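One structure is given below, encoded as structure tokens.
The values are calculated or read from the model by the stated rules, or taken from the named source; none is laboratory data. Quick caveat, the model's predicted, so the values are computed rather than measured. These accessible areas exclude ligands, DNA and RNA; they are computed on the full protein's heavy atoms, side chains included. Shrake-Rupley method; radii C 1.70, N 1.55, O 1.52, S 1.80 Å.
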Amino acid sequence: MADDDAQRYHCCYCGCDITLRLKCAICSDFDLCLQCFAAGCVAKNHKQDHPYQLIDEGSFPLLVEDWGAIEEVLLLDAVEQDGFGNWEDIAAHVVTKTARESKDHYSDLYINGTIGEGTIPSNHHAAVLEHHGGEIPPSPPNYTPVKLEHVEQLELGYMPLRDDFEREYDNDSETLVSGVSITAEDDDTEKALKLAHIGMYIRKTAEREKRKVIAKQHNLIAGKQRQSAYKRKFSREER
């Protein structure tokens, strides 16, 4: 039975909230939960031999526990419609997840995870760079997380397990490629323009990584309190 106000369904026998439900094909607005259906419960004019439909609202986890099946579908649809990297619009399409959660989940599963390994050709990244005319950069080295107090991590938006920040240098650079899609119908000028956008994005992200490395090497990543302490160690002339 549907609750129009809350847009939820309830078992017509035990009254519990249900997402995976057995809907009677004969009785009007009659739903049972799995437990009541397995027990052969009947109510009103409903009989055990009535045909039924198994209906799921897509809430069950498909790939990971904290992402439902319908959320996975909405995420993939949004990436196709809004463009990879346009995470604010993608999150608005998914509704139940933030931009950061959408970005991390897509990267972890569909790019760097087993799905990405099985669907993205190993030479895909190199081919894009070669068409652009640039050199293939080496894989980024692994760095140990920056040693920061928890208060400083919150202040700077630093995520030690990812060795990443909530806001990076040139944080909107992804907008250069969020709407780029090279198709067979593109002429040479259109392809060149799109590849130029990709090249600009690659240079911006390389500069972002370079600045991060320099900041780590020279111990420049610190909260406001520790920055003030550093300044007090030197005279005005030395600063």
- [ ] May I ask you to give the percent of accessible area on the range 23-79 that is carbon plus sulfur, with a probe radius of 1.4 Å?
- [x] 57 percent
- [ ] With a/c under 1.5 counting as rounded, go ahead and sort the range 11-121 into rounded, prolate or oblate using the C-alpha gyration tensor (a ≥ b ≥ c being the square roots of the eigenvalues; past the cut-off, prolate if a/b is larger than b/c, else oblate).
- [x] prolate
